[in-house]
Amino acid sequence: MRRTWGWCPYSFLLLSLLVGLKAVPLNTGKDKEKIPQENLQGPPQNDTGLHYDRYLREVIDFLEKDQHFREKLHNTNMDDIKQGKLAKELDFVSHHVRTRLDELKRQEVNRLRMLIKAKQDQEGEMTVDHQVLLKQFEHLNHMNPHTFEVEDLDRLIKSATNDLENFDKERHEEFKRYEMMKEHERREHLKMLDEEERRKEEQHYEEMRKKHADHPKVNHPGSQDQLKEVWEEADGLDPEDFDPKTFFSLHDTNGDGFLDEQELESLFTKELEKIYDPTNEEDDMVEMEEERLRMREHVMNEVDTNRDRLVSLQEFLVATKKREFLEPDSWETLEQNQPYTEDEMREFEERLAREENDLNRKAAELQMQRNELERQQVQLNARKVELQQVNENEQITVSSHLFPVGENPPEGPLGQNQHVPAGY
């Protein structure tokens, strides 16, 4: 369930969240450097969870190899990027990169067409209008399937920005469904037990809940106490010597001057280990990742003042001077914050019941169709037997006319000194 972001200086571009543009130094020469064809292969990156992840990464990998585009990227602010101003610079990138981008787009269009065809085959539809169905994919211009143009880059930036910003919300909804399904299955299991077994199962469930809640105090994420604990236990340093600037440098693992989401999440491991142990029956590792996400979101909301999904050194140092850092409120863990209400649970179970009824109805219809086909097969078999009997009877009749009763058929094959009676 967890998504990692890789080494991502997001301040230049939400898309650079995917590729780490600051890792490669700029060529400050005035002449554009010709990019050898063999060097156009980009490095593999962590999956973002987007269905067009590979296409997105490859486009950015090749764009960052172009000196002009890279310089513009460093000098363009986030708002201008989101408004599509950076996409217009595509007209100035090198021929080698444009050629490769054209090829990438053709491959992506073919991939989408194959997905559409597979879906249509699965649903049993005979006719496919690819142009209409391609409209649902907003990350490229489907009307021009051959070349990568400014509109394609603009669409890709806007789609990735929107999809990535909504990713955490979708993860929360996915986790809520997971928890409700787990509770639904527990309740359904209880219905199948007798009174004594149900009592034992409920008692065991409550014991596991209490055991899970019985853990050491969890420090408020991003607080002085929490960071000092990391400083001491993970970094092996004296908590009395805690220094925010040094701490930042130690945990800026890619050295880009920012704490990205992955680097932040790694700071919460010690806190999560207080609550979750994969060897314990009562601890759910899916819930652990949801808790990690909650902690990271909380710190981002408190510290990331410019909302670029990165924590700069300046933002970090400012946060360490706030009261919330020095005297934080207690942190309420996931077991204290049920992700769904009883009304949501009731609606979820009602929807499951409707879906089950629909499946049962479709299964009954399929069974009726099967019974009808079997009935028709029986009729066809009976008809086949009748036809075989009629054919056999006709052959007997013909034979009786050729050779009357009491006469044996003449020896030898017909036509070899044998006479057929007149009229036959």
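Scanning region 314-363 for residues that are of a type in the set (Lys, Arg) and in a loop (DSSP other than H, G, I, E, B), we see that the one that is nearest to Arg294 (Cα to Cα) is Lys322. In region 297-306, the residue that is least open to solvent (accessible area, probe 1.4 Å) out of those that are within 17 Å of Glu265 (Cα to Cα) and not aliphatic (A, V, I, L, M) is Asp304. Of all residue pairs spaced 6 or more apart or on separate chains, those with beta-carbon atoms under 8 Å, a first member in region 55-68 that is assigned by the TED database to the domain that holds Glu103 and a second member that is among the aromatic types (Phe, Trp, Tyr) and in a helix (DSSP H, G or I) are Leu63/Phe69; His68/Phe92. Among the residues of this structure, Lys22 does not count as one that is modelled with pLDDT under 75 and either assigned to a loop (DSSP other than H, G, I, E, B) or in the same structural domain as Arg307 (by the TED database) (or both).
Residues in region 93-123 that are acidic (Asp, Glu) and either touching a residue at least 60 places away in the same chain (Cβ under 8 Å) or open to solvent by less than 80 Å² (accessible area, probe 1.4 Å) (or both): Asp102, Glu103, Glu108. The set of residues in region 69-92 that are more than 19 Å from His139 (Cα to Cα), without any contact (Cβ under 8 Å) to a residue 24 or more places away in the chain and in contact with a Leu (Cβ under 7 Å, 6 or more places away or on another chain) contains only Lys72.
The number of residues in region 213-260 that are assigned to a loop (DSSP other than H, G, I, E, B) and open to solvent by 50 Å² or more (accessible area, probe 1.4 Å) comes to 11. When region 76-92 is filtered for residues that are open to solvent by 10 Å² or more (accessible area, probe 1.4 Å) and within 22 Å of Asn162 (Cα to Cα), the ones remaining, listed by number, are Thr76, Asn77, Met78, Asp79, Asp80, Lys82, Gln83, Lys85, Lys88, Glu89.
If the condition is being at pLDDT 85 or above and either in contact with a Leu (Cβ under 8 Å, 6 or more places away or on another chain) or β-branched (Val, Ile, Thr) (or both), then region 103-136 contributes Lys105, Glu108, Val109, Leu112. With respect to the conditions (1) surrounded by fewer than 19 Cβ atoms within 10 Å (Cβ to Cβ); (2) free of Cβ contacts under 8 Å to residues at least 40 places away in the same chain, Glu324 lacks only one, and its number is (2).
Could you run through region 144-171 and say how many residues are at pLDDT below 85, open to solvent by 40 Å² or more (accessible area, probe 1.4 Å) and either assigned by the TED database to the domain that holds Phe92 or part of a helix (DSSP H, G or I) (or both)? Adding up the residues that qualify gives 4. A residue that is open to solvent by less than 40 Å² (accessible area, probe 1.4 Å) and within 30 Å of Asp260 (Cα to Cα) cannot be found anywhere in region 341-360.
The single condition from (1) open to solvent by less than 50 Å² (accessible area, probe 1.4 Å); (2) touching a helix residue (DSSP H, G or I) at 6+ places or on another chain (Cβ under 8 Å); (3) touching a residue at least 40 places away in the same chain (Cβ under 8 Å); (4) over 26 Å from Lys182 (Cα atoms) that Glu282 fails is (4).
If you check Glu185 against the conditions, is it of a type in the set (D, E, K, R), at pLDDT below 90, under 30 Å from Met295 (Cα atoms) and out of contact with any Pro (no Cβ under 7 Å at 6 or more places or on another chain)? No: the conditions fail for Glu185. Checked across region 189-203, the condition of being exposed (fewer than 13 other Cβ atoms within 10 Å of the Cβ) and in contact (Cβ under 8 Å) with a residue 24 or more places away in the chain holds for no residue.
The values are calculated or read from the model by the stated rules, or taken from the named source; none is laboratory data. These figures come from a predicted structure and were not determined experimentally. No Cβ is skipped: glycine too gets one built from the backbone with ideal geometry, and neighbour counts run over all protein chains shown. The area values use the complete protein model at the heavy-atom level, side chains included, leaving out ligands, DNA and RNA. Shrake-Rupley method; radii C 1.70, N 1.55, O 1.52, S 1.80 Å.
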